[in-house]
Amino acid sequence: MENAANKKKIWALVITGFFGMISILTFAYNNLYIYLSAYLWFGFIYGMCLQYGRFCFASAFRDLFAVGVPRMVVGIMIATLLFAFVSSFVTATGFSTFHPSPSGIHSAIAGLIFGVGMVFAGGCASGSLYKTGEGNGVAFLVVLSISITQSSFADIGGWMNKLVPQSWHESAIAKKLPEVINAGDGWLDQYLAGYVWNHPTVTFAKMAGLKNESLSGAFLGNFLLGVLLPALLLLVVVYFIWVRKNVIRDMSKAGVKSIGLREHRTGFWGMILSSKRTAIAGLILGIACGLQMFVIEGLRIKLGIRNAGEILTLLGFDSGISIRGTVFDPGYWYVTTQEAQWVGWVMHKLGWNNMDNIFFGYINGIPNPALNPADWMSLALIGGAAVMALISNEFKFKKPTMELAVWAIIGGFLMGIGSRLGLGCNIGAFFVRVANGDRGGWLFGIGMIGGAYIGVKFFNWWTERQMAKEMAGLEL
Amino acid sequence: MDRTLLIVIILTTLFTGFLIGYSIPPYIQAGVFSERKEKGVESQIDKKMEQYYKDLSKSEEKE
């Protein structure tokens with residue numbers, strides 16, 4: 001038993017050493033590779049934190065709605081607050097890599113689809129990545145399903161074009177994008193160019209009439225109004241609906257006769273502290289997320305570039321770069337786009353021309369996964385999670401059962417659709433956007449919470465139905 | 001704390017620490033942490049050399 005645990009620890013060191021060697025050797029070969037290494041090491045930290053804190057949005061809302069345990073929701077809010085604080089500092093310096101996205105009702109609808117999907121799959125986009133690192137076969141299937149769905153959805157036209165409103169089609173054509181992109185063909189192309197891009201990008205600083213890249217805009221507008229107050233409100237709601245009654249029960253048992261504001265304040269603080277492990281992970285995640293933005297922007301200034309596409313061109317790898325010379329290079333934590341890219345790259349190699357759409361051909365490209373900065377981040381995230389799981393003796397290859405595999409594929413499919421409609425997942429469309437004061441983040445979040453609620457209720461109904469069937473079978 | 005975890009944390013800190021250190025000088029050069037209002041990388045050309053090139057263009061204009 002002890003021997004097996006020691007072997008796992010050696011494997012943890014081997015994985016860490018492997019990433020270290022990649023960083024050193026590539027940097028020695030060409031210093032431009034340091035840009036990719038920055039993505040790698042922050043991805044590694046994210047993986048370690050996610051595994052340590054069991055940081056999963058699906059589990060968080062499932063625990064809350066199904067059994068009334070708020071531990072992880074509280075942890076997620078703490079992480080968001082800390083990330084927002086660090087982000088505000090980076091934004092105030094004027095060197096933030098974050099760009100708000102066009103937001104509207106579509107953000108909430110996308111979140112709703114995503115929320116249902118993550119409950120069905122048993123893990124959100126980031127949660128499935130870290131669980132893959134633990135050797136979980138179901139989580140790997142979820143990642144695969146999200147990736148294939150997104151990659152296909154980005155390029156599907158044909159009969160799907162008939163579902164596009166005429167106004168979207170006309171608006172997409174009017175954008176006068178390069179002919180090779182063919183913006184008038186493909187559902188997602190017309191959705192993006194004909195509908196989403198017509199929406200404004202709104203930050204809380206902007207709504208308060210402040211400049212985004214100023215101290216007051218970043219801290220008063222984006223942090224205080226956009227994150228701190230809504231997060232506190234959410235925590236108070238969680239306390240009153242799910243925790244308050246337990247606090248009253250426990251205090252009554254302890255002999256406290258009148259329960260007033262002071263007792264509730266103690267109960268509220270207890271709720272915050274009950275999520276110690278998730279909160280610690282959230283704390284490190286929040287700081288790391290902000291630091292990644294700081295480092296990436298510093299490297300961009302140092303290397304004299306605006307996008308990693310320039311690095312790949314300088315290194316002699318210009319295949320798979322978008323017609324604007326760019327590749328997906330968010331400068332912060334992101335999950336789903338690179339998942340679409342690696343499948344998109346494979347499909348392209350197999351003969352599918354998927355470079356004539358906006359998602360791949362105009363914005364993100366489909367570079368070789370071995371040179372895709374965001375892919376380095378996701379692979380290192382899986383590696384970081386594996387390292388933590390190996391050290392804590394929690395790593396185990398788990399084969400999925402047929403039933404779980406079906407749910408994983410359905411959930412992954414819904415998450416893939418939700419991600420593309422919402423321009424990101426629980427990380428890119430919620431966590432990062434909320435922390436940076438983007439109104440769209442909360443809209444996606446509201447949808448996601450609603451979707452998670454529907455998902456949990458559906459699952460309860462499904463489980464009860466299955467159990468009733470089994471009981472009926474036993475009676476026969 | 002587990003020794004393996006400690007080694008992993010030290011290695012990760014070393015690499016990320018290097019990355020942070022590597023990315024700070026460009027910010028300083030761009031004037032982010034100073035009170036300079038204009039941001040941007042300053043020219044490294046020697047003042048005398050700069051004047052030499054300016055004079056060179058003047059003489060070309062005369063010709």
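Check A:Leu215 against each of (1) in contact (Cβ under 8 Å) with a residue 60 or more places away in the chain; (2) exposed (fewer than 14 other Cβ atoms within 10 Å of the Cβ) and name the one condition it does not meet. The number of the failed condition is (2). Of A:Ser59, A:Ser101, all but one fail to be hydroxyl-bearing (Ser, Thr, Tyr), touching a strand residue (DSSP E or B) at 6+ places or on another chain (Cβ under 9 Å) and more than 14 Å from every other protein chain (Cβ to nearest Cβ); the exception is A:Ser101.
When segment A:294-344 is filtered for residues that are of a type in the set (Phe, Trp, Tyr), surrounded by fewer than 23 Cβ atoms within 10 Å (Cβ to Cβ) and under 26 Å from A:Phe431 (Cβ atoms), only A:Trp342 remains. For segment A:30-39, filtered to residues that are part of a helix (DSSP H, G or I) and more than 9 Å from every other protein chain (Cβ to nearest Cβ), the residue that is surrounded by the most Cβ atoms within 10 Å (Cβ to Cβ) is A:Tyr39.
When every residue of segment A:171-187 is checked against the conditions, none turns out to be within 24 Å of A:Tyr46 (Cβ to Cβ), touching a residue at least 24 places away in the same chain (Cβ under 8 Å) and among the β-branched types (Val, Ile, Thr).
Scanning segment B:1-25 for residues that are facing chain A (nearest Cβ under 8 Å) and within 19 Å of A:Lys7 (Cβ to Cβ) gives B:Asp2, B:Thr4, B:Leu5, B:Ile7, B:Val8.
Restricting attention to segment B:12-19, does a residue exist that is part of a helix (DSSP H, G or I), closer than 24 Å to A:Gly331 by Cα, more than 24 Å from the chain's Cα centre (by Cα) and at pLDDT 75 or above? Looking through segment B:12-19, at least one residue is part of a helix (DSSP H, G or I), closer than 24 Å to A:Gly331 by Cα, more than 24 Å from the chain's Cα centre (by Cα) and at pLDDT 75 or above.
Is there a residue being surrounded by 22 or more Cβ atoms within 10 Å (Cβ to Cβ) and more than 28 Å from B:Thr13 (Cα to Cα) anywhere in segment A:41-58? Within segment A:41-58, one or more residues are surrounded by 22 or more Cβ atoms within 10 Å (Cβ to Cβ) and more than 28 Å from B:Thr13 (Cα to Cα). Set side by side, the residues A:Ile109, A:Ile148, A:Ile173, A:Ile156 differ, and just one is surrounded by fewer than 22 Cβ atoms within 10 Å (Cβ to Cβ), in contact with a Gly (Cβ under 8 Å, 6 or more places away or on another chain) and assigned to a loop (DSSP other than H, G, I, E, B), which is A:Ile156.
For the residues A:Val116, A:Val138, the requirement of being touching a residue at least 24 places away in the same chain (Cβ under 8 Å), over 20 Å from A:Gly361 (Cα atoms), touching a strand residue (DSSP E or B) at 6+ places or on another chain (Cβ under 9 Å) and in a helix (DSSP H, G or I) singles out A:Val138. Please work out if A:Gly75 is in a helix (DSSP H, G or I), over 27 Å from A:Asn353 (Cβ atoms), modelled with pLDDT of 95 or more and small (Gly, Ala, Ser). For A:Gly75, the condition - in a helix (DSSP H, G or I), over 27 Å from A:Asn353 (Cβ atoms), modelled with pLDDT of 95 or more and small (Gly, Ala, Ser) - is not met. If the condition is being β-branched (Val, Ile, Thr) and crowded, with 22+ Cβ neighbours inside 10 Å, then segment A:91-104 contributes only A:Thr91. Being in a helix (DSSP H, G or I), within 13 Å of chain B (Cβ to nearest Cβ), in contact (Cβ under 8 Å) with a residue 40 or more places away in the chain and not β-branched (Val, Ile, Thr) holds for only one residue in A:Phe42, A:Phe85, A:Phe27, and it is A:Phe42. With the condition kept exactly as written, say whether any residue in segment A:398-419 is crowded, with 24+ Cβ neighbours inside 10 Å, within 14 Å of chain B (Cβ to nearest Cβ) and in a helix (DSSP H, G or I). No; the residues of segment A:398-419 include none that is crowded, with 24+ Cβ neighbours inside 10 Å, within 14 Å of chain B (Cβ to nearest Cβ) and in a helix (DSSP H, G or I). Here the condition is being within 27 Å of A:Gly47 (Cα to Cα), of a type in the set (A, V, I, L, M) and exposed (fewer than 14 other Cβ atoms within 10 Å of the Cβ); of A:Leu234, A:Leu291, A:Leu285, A:Leu273, it holds for A:Leu273 alone. The numbered conditions (1) among the polar types (S, T, N, Q); (2) closer than 29 Å to A:Ser87 by Cα; (3) crowded, with 17+ Cβ neighbours inside 10 Å are all true for A:Gln190 except (2). Considering segment A:176-210, and only residues there that are of a type in the set (Gly, Ala, Ser) and not in a loop (DSSP other than H, G, I, E, B), the residue that is nearest to A:His99 (Cα to Cα) turns out to be A:Ala205.
Of the set (1) of a type outside the set (Val, Ile, Thr); (2) within 14 Å of chain B (Cβ to nearest Cβ); (3) under 26 Å from B:Leu5 (Cβ atoms); (4) touching a residue at least 12 places away in the same chain (Cβ under 8 Å), all apply to A:Ala92 but (3).
The values are calculated or read from the model by the stated rules, or taken from the named source; none is laboratory data. Just so we're clear, the structure is a prediction, and the values are computed from it rather than from any experiment. With ideal geometry, Cβ positions are generated from the backbone for all residues, glycine too; neighbour counts draw on all protein chains shown.
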